[in-house]
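The block underneath contains the structure these notes are about, expressed in structure tokens.
The values are calculated or read from the model by the stated rules, or taken from the named source; none is laboratory data. Quantities reported herein were computed from a predicted structural model and do not represent experimental measurements. For neighbour counting, all protein chains shown are included, and Cβ atoms are generated from backbone atoms with ideal geometry for every residue, glycine included. To get the accessible areas, we keep the full protein, side chains included, count just its heavy atoms, and leave off ligands, DNA and RNA. Shrake-Rupley method; radii C 1.70, N 1.55, O 1.52, S 1.80 Å.
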Amino acid sequence: MARNVQHEMLTSPSSRIRARQRFVLALKSSGEQLRRQLVGSVDAHFSAAGKGAEGNFQQAVSKLYSEDEYRAVCLVKRAGQEMMWNAIEDAIDAELPRLRSLFEDAGKRDVGGSLNLRDDVSLPDEWTTARVHLQPGGYLRDDGDRDVVAGALYEEGGALYSRGQGVGTKESKAECIIRFLKEWKPDFQPRRILDIGCSAGASSVPYASAFPEAEVHAIDIGKGLLRYAHARAQSIGVPVHFHEMSAEQISFPDGSFDLVVSHNAMHEMSSSTQQAMFNESFRLLRRGGVCVHQDLPVKFAEMSPVRQADIMFDEWYNGELHWSDYAQTDCQAGLEVAGFDPAAIDCKPFPLLDKTMSWLLAAAEKTVADEMS
Amino acid sequence: MSKIPPPISKREDDGVRFFETPGLDMLYRTCLALAEELAVTQDRLDTLERVLSQRGQIDPEEVDRFEPDAHAENQKRIMAARLSEHVLAPIKDLVKQYEVRGPEAERGRPHER
């Protein structure tokens, strides 16, 4: 069930909007190629000048961001992102009544999934104004009790962005983790699964399909994301139980899951939230249970100063709140602090089926007793 | 972990101008908006030509000779105005901001704001 899975919550844009989306996709793709080419060139000059060693990050930032060519590339990247959201938002606006009505009817379908929203989830202040990836209104956008726009934007934006990058068209993130699990633990058959930071639920559904005997729960902090995720899963006909909960405080009893997963969530968390998620993963797993947290394989320590300066664009100008934190994080250490046995932790890049790139998988098995060590 | 400040400051509304030369960002954005409009038009034209060609109804010379009636002429004017609005939108925003904030000299250089 890769990115191209069809369901009723997806929009059918007019030919004019489709043409805009095609153009934006082409613009982003060309802009990305230009960026890589230019950064490679700046990097070569910077290194040749003897500035490739560690500690020259600030010099690299000054050099890269003072180049007119790089500023032009930045502008195209930022403008392309804004144009993408405009084209997607127009498609969603045109179908809002249909999407709201699908959400209202979602619970009536005999699928078995559920939606559990609440008003007592405490969040860091930064999230109230954050526009991650410049998504209009941010992940917490909530325009009323039938609102699904945040989820629709997330899924349609993510699909368009990924197509632009050529990522996930053959194998979704969840499918990649499921394949990893089959290689790592061939006999593993989870009965209860938790997806943390599920957003629009695109990664929660494949677990319910791959493990039909399992009960799948998924949590996120955005009401609009969760309403959409619920309607989406019900439309596909796969039972998932969605809950409004923070990764730092998950309201399930100790030892209540066999598998805990997250997808592209770590890079959107502060270091303390990420550690809290690892701690909660350990607490929530029963003995023999497994967690797999997937994200981009971005490591500051493995990059030249110019490439470090380049990827900071996303924190400075593309709404990524914790990109530099994530790029310097040590998942192995974090999982050990949470209580996992170091010998039962496996953190590594894992290639996609089509080998176009790898995801970082931070995996661990709970080999010790249920009590926190 | 302390946050690293951006090398090119963002504005209060979370927007950013990458170039120091006033107006250069606007010029780039204008070009991109224009290219988007052109892409949509090309796409529509391509679709029309394919549909009409499939039906055996297209005659390129007839298209060249076409004289719009009053209604068609009005529609074409509206289309042209829409394109113009889209292309000029970034400059329109700049003018609006000027009305609120006053001249550049009183605000400092764009990248320092």
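Of all residue pairs spaced 6 or more apart or on separate chains, those with beta-carbon atoms under 6 Å, a first member in the stretch A:63-86 that is facing chain B (nearest Cβ under 8 Å) and a second member that is open to solvent by 30 Å² or more (accessible area, probe 1.4 Å) and part of a helix (DSSP H, G or I) are A:Leu75/B:Tyr28; A:Ala79/B:Arg29; A:Gly80/A:Lys28.
Among the residues of the stretch A:39-62, those identified as away from chain B (no Cβ under 13 Å), hydrophobic (A, V, I, L, M, F, W, C) and buried (at least 16 other Cβ atoms within 10 Å of the Cβ) are A:Val39, A:Val42, A:Phe46. Are any of the residues in the stretch A:325-336 free of Cβ contacts under 8 Å to residues at least 24 places away in the same chain and in a helix (DSSP H, G or I)? Within the stretch A:325-336, one or more residues are free of Cβ contacts under 8 Å to residues at least 24 places away in the same chain and in a helix (DSSP H, G or I).
Among the residues of the stretch A:187-211, how many are open to solvent by 50 Å² or more (accessible area, probe 1.4 Å) and modelled with pLDDT of 95 or more?
Applying the first criterion (open to solvent by 50 Å² or more (accessible area, probe 1.4 Å)) to the stretch A:187-211 yields A:187, A:189, A:191-192, A:209.
Applying the additional criterion that residues be modelled with pLDDT of 95 or more yields A:189, A:191-192.
Here the count works out to 3.
Regarding A:Arg179, is this residue in contact with a helix residue (DSSP H, G or I) (Cβ under 7 Å, 6 or more places away or on another chain) and surrounded by fewer than 22 Cβ atoms within 10 Å (Cβ to Cβ)?
Answer is no for this residue.
Being in contact with a His (Cβ under 7 Å, 6 or more places away or on another chain), away from chain B (no Cβ under 14 Å) and part of a helix (DSSP H, G or I), is that true of even one residue in the stretch A:162-169? No, that holds for no residue.
Put simply, of A:Asp105, A:Asp110 the only residue that is open to solvent by 60 Å² or more (accessible area, probe 1.4 Å) and either within 28 Å of A:Met277 (Cα to Cα) or part of a loop (DSSP other than H, G, I, E, B) (or both) is A:Asp110. In the stretch B:4-23, the residues that are more than 10 Å from every other protein chain (Cβ to nearest Cβ) form Cβ pairs under 9 Å with partners that are open to solvent by 50 Å² or more (accessible area, probe 1.4 Å), at six or more places apart or across chains, as follows: B:Arg11/B:Arg113; B:Glu12/B:Arg113; B:Pro22/B:Leu94; B:Pro22/B:Glu104; B:Pro22/B:Arg109; B:Gly23/B:Ile91; B:Gly23/B:Leu94.
Within the stretch A:81-121, being in contact with a helix residue (DSSP H, G or I) (Cβ under 8 Å, 6 or more places away or on another chain) and farther than 21 Å from A:Ser15 by Cβ holds for A:Gln81, A:Glu82, A:Leu102, A:Phe103, A:Ala106, A:Gly107, A:Arg109, A:Val111, A:Gly113, A:Ser114, A:Leu115, A:Leu117.
Any chance you could count how many residues in the stretch A:346-356 are part of a strand (DSSP E or B) and either among the hydroxyl-bearing types (Ser, Thr, Tyr) or farther than 19 Å from A:Ala247 by Cβ (or both)? Step through it out loud before you land on a result.
Our first condition is that a residue be part of a strand (DSSP E or B); within the stretch A:346-356, this holds for A:346-351.
Remaining after also requiring either among the hydroxyl-bearing types (Ser, Thr, Tyr) or farther than 19 Å from A:Ala247 by Cβ (or both): A:346, A:348-351.
Residues flagged as part of a strand (DSSP E or B) and either among the hydroxyl-bearing types (Ser, Thr, Tyr) or farther than 19 Å from A:Ala247 by Cβ (or both) within the stretch A:346-356 amount to 5.
Of the numbered criteria (1) away from chain B (no Cβ under 14 Å); (2) under 30 Å from B:Leu48 (Cβ atoms); (3) not hydrophobic (A, V, I, L, M, F, W, C), the one A:Arg36 fails is (2).
Scanning the stretch A:245-277 for residues that are more than 17 Å from the chain's Cα centre (by Cα) and closer than 24 Å to A:Asp145 by Cα gives A:Gln249, A:Ile250, A:Ser251. Scan the stretch A:293-310 and tell me whether some residue there is farther than 24 Å from A:Met357 by Cα, of a type in the set (Gly, Ala, Ser) and at pLDDT 95 or above. No: zero hits. Pairing each residue of the stretch B:70-99 that is aliphatic (A, V, I, L, M) with any residue that is surrounded by 11 or more Cβ atoms within 10 Å (Cβ to Cβ), provided the two are 6+ apart or on different chains, yields C-beta distances under 6 Å for B:Leu83/B:Glu37; B:Val87/B:Thr30; B:Val87/B:Ala33; B:Val87/B:Leu34; B:Ile91/B:Met26; B:Leu94/B:Met26. Scanning the stretch A:3-19 for residues that are without any contact (Cβ under 8 Å) to a residue 24 or more places away in the chain and open to solvent by 50 Å² or more (accessible area, probe 1.4 Å), which turns out nearest to the other protein chains (Cβ to nearest Cβ)? Per the stated criteria, the residue is A:Arg16. Here A:Arg36, A:Arg71, A:Arg22, A:Arg98 are screened, and the one residue that is over 30 Å from A:Gln234 (Cα atoms), open to solvent by 70 Å² or more (accessible area, probe 1.4 Å) and assigned to a helix (DSSP H, G or I) is A:Arg36. Could you tell me whether any residue of the stretch B:10-28 is open to solvent by 80 Å² or more (accessible area, probe 1.4 Å) and among the acidic types (Asp, Glu)? Yes: the stretch B:10-28 contains one or more residues that are open to solvent by 80 Å² or more (accessible area, probe 1.4 Å) and among the acidic types (Asp, Glu). The number of residues in the stretch B:36-65 being part of a helix (DSSP H, G or I) and either more than 10 Å from chain A (Cβ to nearest Cβ) or surrounded by 14 or more Cβ atoms within 10 Å (Cβ to Cβ) (or both) comes to 20.
In this structure, does A:Ser281 turn out to be under 22 Å from A:Asn116 (Cβ atoms), more than 18 Å from the chain's Cα centre (by Cα) and either crowded, with 21+ Cβ neighbours inside 10 Å or at pLDDT 95 or above (or both)? When the stated conditions are applied, A:Ser281 does not pass them.
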